[in-house]
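Novice: Here it is, the structure in full.
The values are calculated or read from the model by the stated rules, or taken from the named source; none is laboratory data. This is a predicted model, so every value here is computed, not measured. Note that we place each Cβ from the backbone using ideal geometry, even for glycine, and neighbour counts take in every protein chain shown. For accessibility, only protein heavy atoms count, side chains too; no ligands or nucleic acids. Shrake-Rupley method; radii C 1.70, N 1.55, O 1.52, S 1.80 Å.
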Amino acid sequence: MAESSEGEEEGKLVGGNQQLVVDDDLCEMAKKAAWSVSSCKPGNGVLSLRDDNLDTYWQSDGAQPHLVNIQFQKKVKLQLVVLYVDFKLDESYTPSKISIRAGDGFHNLKEIKAIELVKPAGWVYISLSGNDPRETFVNTFMLQIAILSNHLNGRDTHVRQIKVYGPRPNPIPHQAFQFTSREFITYSTVR
Amino acid sequence: MEAILTECVQNSLRHFMYRNAIFMCERLCAEFPSETNSQLLAVCYLQNNQAYSAYHILKGNHMAHSRYLFAQSCFKMDLLNEAEAALCPPNESSAEIPNGAAGHYLLGLIYRCTDRRKSAIYHFNQALSLDPLLWAAYEELCILGAAEEAATVFGDAASLCIQKQHLPHGLGSKSMQASAEDQGLISSRNVGAEDLSPRHLKNIHGNSQRDAAGNYHSAPQPGGTGSQPLNGGPTTLSFYSTPSPMAAASQLSGVAPPPICRNMQINGPNSCATGADSSPRSTVNSTIQAPRRKFVDEGKLRKVSGRLFADSAPRRSIRLATGDSVANTNSNVSTVSGNGTNHSSKYLGGSKIATGSVRPVTGRKGQSWSNENFDEGIKHDGYDDSRNSSTTCSSPSSESRSLDQEGPTSAAGVCLSGSRVAVGASDLLALLRILGEGYRLSCGYRCQDALDVYVKLPQKQYNTGWVLSQVGKAYFEMVDYVEADHAFNLARLASPYSLEGMDVYSTVLYHLKEDMKLSYLAQELISTDRLAPQSWCAMGNCYSLQKDHETALKNFQRAVQLDSRFAYAHTLCGHEYVALEDFENGIKSYQSALRVDTRHYNAWYGLGMVYLRQEKFEFSEHHFRMAFQINPRSSVIMSYLGTALHALKRNKEALEIMEKAIMADKKNPLPLYQKANILVTMENFDGALEVLEELKEYAPRESSVYALMGRIYKRRDMYDKAMLHFGLALDMKPSATDVATIKAAIEKLHVPDEIEDNL
């Protein structure tokens, strides 16, 4: 059930998808970004978040909130964050309240999305778009995913995988708009 | 015993029984160690694709032919330095290059692979002058961008040369005149045959090359007996390469038939030993003598159009060429045409002159041919048996590599009707001229001219795989993908097993977004030959079309592994890396492509695009300009060059180039669009709108046109029109980013772009 309330947009997400299905016009943006975490248990570090392996997970090891920081080399447009978490496997380590913040750096992060997960099992899609068509994307240097609390009041958290998506860049560089018609596309590249 | 063993080995080689050949040859070498025998052993190994063995056997040998074989093995093993040293020993700078034209050709290849363009050009030219039918050398020259007009190369001098080669020594002047052409033809044929080998080799991306070369060399070897003097001079006429009838199984050393069997060696192994006997050799010799005498006698009767050619046909036996592969039957194999008729020469000694047998060679030019033929090995029957000295080289129609010479290799009596030779030579040269000119033009990207030239070919030549693929390539370069598809389709029908040019076909299908056809093509190619880079390129294109760039990249990398000298595979890898946003590797791949072939303009273009994306506009402009210099007719390159100039704020130059691009290809809408962009930057809104109106007519469903118009109207404060056009742009279903941008623009319609207040 998703509910919205006043003030900040708060939604509850239940369940999760087993498959990771993303639109064609999105592509993963964080391959070249710098990932860091606020704390981790040895052997379950930040690499497990990006290794495409759902068996390995990141385990935090400190006080809440637990933070995952993603810093990009330049401002990027982001649209979607996808996490893989599993209540059945992780129980009290499963994140519950998550806040997503964006900004230029650690000094000016601002929350853009807050979400509460209820017994998630699988891929959880968190869209960063606002209601306004102008706010489809978040244009930012840095993204921070903060895990504010866990299920069953657990202290530390497990997250198995995180992916961040944004729009595919224009295949033709230095163009304001992308081409749609066949005539244009045929002549637009040399292969 | 030596003779028997030698004959046995050559017989085995001719029949592709390599294990037998190797075993027997080893016995031969053990029993009668001599350099010739070890050459023969090397040939066996080369035929069997074991270049490394040949390498070890021949290391240190100094006979000319050994050096050539050694160089071939080195080339095959990628030891270019040693290959070069073998052919051109550093301390004896005046040594003759072994094997004449073939040696020059191989040396040229080595220089080309090691980036010494001038030397490569020099050697290819030498090869061509020694053997005008060495199409491969001409092809290389075209690729290097340094070829002369086909008319000069395949002109009168060539024809004289051919005739010289086809006439026995004694004939000398007489033949010259009379059958100048024939001769030339013949000799060129012969040469061709030889050349073909190397060429062939080359074509096959080096694999078969060696074999061919090997074969070719071995041919002379046959007989083991003292190899013939491989003088560098290609003009030893002894060989007439006439297509040897497949049937004639001359036992000339089998020399595994690399597809191009060339019987004749350029060196004029006169004695091409037919068979491993010394006896054939003597026969040959005597035959040679005989014809000469005869010729001399008939000299007076001869006319200018001697049929030397015909006579030479019989000689084929001696040739190394691999057997008579009847490859001719394959469509791919193209045999030299035209000479067929000439072969009825009466040989002096020779009885069987296979006259009729000469099959017209269907020229298949082409690389694909070589690939295919490779397997078939065109065997020349060349060894028409020892009888004739004339080696009929299966004259490789120059165009087609396939040397099928089927002509009966009848022992050629050297009877040459000088006129026949002349006529044959002239026919062949005429054909070569057209093909050469066409190829040269298409390498220079003058595609329309190339197409016009190819159209002049006779129907049967035109409908061969090589020519049709070239036509397809020409259309591809002109961005006329529909016609290219059509041409390539015909090429596939004409020679379904040819791989040459199929990588370009796969790109054509990629552009046309025909995923079904493309995947079908890829599957077929893979099942035809899993080890050819073209098949993997096609497969990669298939995945790339479905946007699975990682798999596409893997496929292209496989293609690179299979043949690192295949420039296009590197370029495609580069494209995939860029699609995956891995610019560093992309740049590396493009640079590898350029290392292989500096004139590969796609790689220059790729680099320009990468830099454009990374906003390094100076670099980008430089690379686009290089691409433009290589292919000055491509409107796409011109429009990108203009874009780069625009980014560098050199708007005037940008506009000039755009105009050129618009003129170059009326069907290309991009330069117009870019022109509008530039005009907007220069604040010439009316001009821009005019251009865009024109574009609207041409591509009415292009969202970016409307979006740009909307923007311009907004700048001009014509809000209604702006609104209208933004709305239209949205209707055309642009991408998500653009939807966002356009909607944002609509929201902010009444807010000026730069400043809040207009005052």
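Novice: Please compute, for peptide B:727-739, the average count of beta-carbon atoms on other protein chains lying within 10 Å of each residue's beta-carbon.
Specialist: Whole-number average of other-chain Cβ neighbours for B:727-739 is 4.
Novice: Starting from the Cα-Cα distance between B:Met718 and B:Glu581, subtract it from 0.36 nm times their residue separation and give me the gain in nm to one decimal.
Specialist: Length difference between fully extended and current span is 45.4 nm.
Novice: Can you tell which of A:Arg101, A:Arg155, A:Arg168 shows the greatest fluctuation in a Gaussian network model of chain A with Cα springs below 10 Å?
Specialist: A:Arg168
Novice: How many partner chain Cβ atoms sit within 10 Å of a residue's Cβ in peptide B:608-621, on average, as a whole number?
Specialist: Working: counts 2, 6, 1, 1, 4, 6, 1, 2, 0, 1, 0, 0, 2, 0.
Across B:608-621, the average partner-chain Cβ count within 10 Å equals 2.
Novice: Would you tell me the mean number of C-beta atoms belonging to other protein chains that fall within 10 Å of each C-beta in B:700-706, as a whole number?
Specialist: Going residue by residue through B:700-706 and averaging, the value is 5.
Novice: Considering amide H positions built from the backbone, and no H for Pro or chain starts, which residues 5 or more places from B:Asp548, or on another chain, come under 5 Å of its amide H?
Specialist: Under 5 Å from the amide H of B:Asp548: no residue qualifies.
Novice: Now a separate question. Under 10 Å, Cα contacts only: if you run a Gaussian network model on chain A, which one of A:Ala121, A:Ala63, A:Ala30 comes out with the highest mean-square fluctuation?
Specialist: A:Ala63
Novice: I would also like to ask the following. Could you give the distance between the Cα centres of the range B:517-575 and the range B:111-168, to the whole Å?
Specialist: 33 Å
Novice: Something else: Where both partners of a DSSP beta bridge lie in chain A, what percent of those bridges are antiparallel, to the nearest 5? Walk me through the intermediate numbers first.
Specialist: Working: 46 of 51 bridges.
Around 90 percent of the beta bridges assigned by DSSP in chain A are antiparallel ones.
Novice: Would you rank B:Phe726, B:Phe685 by solvent-accessible area, highest first, keeping every protein chain in place and using a 1.4 Å probe? Numbers along the way, then the final one.
Specialist: Details: B:Phe726 5, B:Phe685 30 Å².
Listed by decreasing accessible area, they come as B:Phe685, B:Phe726.
Novice: Then there's this: State the extension gain, in nm to one decimal, for the chain segment bounded by B:Glu690 and B:Ser527, taking 0.36 nm per residue of separation less the distance between their alpha-carbons.
Specialist: On the way: separation 163, 0.36 × 163 = 58.68 nm, distance 5.29 nm.
Contour length minus Cα-Cα distance gives 53.4 nm.
Novice: Ignoring ligands, DNA and RNA, what accessible area per residue does the range B:26-117 give at 1.4 Å, in Å²?
Specialist: With the other protein chains kept in place, the range B:26-117 gives 39 Å² per residue.
Novice: Among the residues of the range A:104-146, which ones have their accessible area go down by 40 Å² or more when all the protein chains sit together, as opposed to their chain alone (1.4 Å probe)?
Specialist: Residues meeting the cut-off: A:Pro133, A:Arg134, A:Phe137.
Novice: Just to make sure I understand: if all protein chains stay in place, what is the order of B:His725, A:His107, B:His750 by accessible area at 1.4 Å, largest first?
Specialist: A:His107, B:His750, B:His725
Novice: Return the carbon/sulfur percentage of the accessible area of the range A:10-168, one whole number, probe 1.4 Å, all protein chains in place.
Specialist: Numbers: 3640 of 7460 Å².
Heavy-atom surface of the range A:10-168 belonging to carbon and sulfur, 1.4 Å probe: 49 percent.
Novice: Just to be sure I understand: with springs between alpha-carbon atoms less than 10 Å apart, which residue in A:Phe141, A:Phe106, A:Phe177 has the highest mean-square fluctuation in the Gaussian network model of chain A?
Specialist: The residue that fluctuates most here is A:Phe177.
Novice: In square angstrom, what is the accessible area per residue of the range A:88-191 with a 1.4 angstrom probe?
Specialist: On the way: 4270 Å² over 104 residues.
Result: 41 Å² per residue.
Novice: If you average the alpha carbon positions of the range A:49-103 and of the range B:3-53, how far apart do those two centres end up, in angstrom?
Specialist: 69 Å
Novice: Taking the Cα centre as origin and putting +1 on Lys and Arg beta-carbons and -1 on Asp and Glu beta-carbons, what dipole magnitude results for the range B:649-702, to the nearest 20 debye?
Specialist: Values: 9 positive and 11 negative charges, 52 e Å.
The calculated dipole for the range B:649-702 is roughly 240 debye.
Novice: Taking amide H positions as placed 1.01 Å from N in the peptide plane, with prolines and chain starts having none, which residues 5 or more places from A:Thr136, or on another chain, fall under 5 Å of its amide H?
Specialist: A:Gly130
Novice: If you count only protein heavy atoms and use a 1.4 Å probe, how large is the accessible surface of B:Ile746, to the nearest 10 Å²?
Specialist: 40 Å²
Novice: How many Å² of accessible surface get buried when A and B come together, counting both sides, probe radius 1.4 Å, rounded to the nearest 100?
Specialist: 3900 Å²
Novice: Sticking with this structure for a sec: Are there any residues in the range B:553-598 with a reduction of at least 20 Å² in accessible surface when going from the isolated chain to the assembly of protein chains? Probe 1.4 Å, please list them by number.
Specialist: Output list: B:His575, B:Glu581.
Novice: Hey, another quick one. Ranked by accessible surface with a 1.4 Å probe, highest first, in what order do B:Ser498, B:Ser592 come?
Specialist: B:Ser592, B:Ser498
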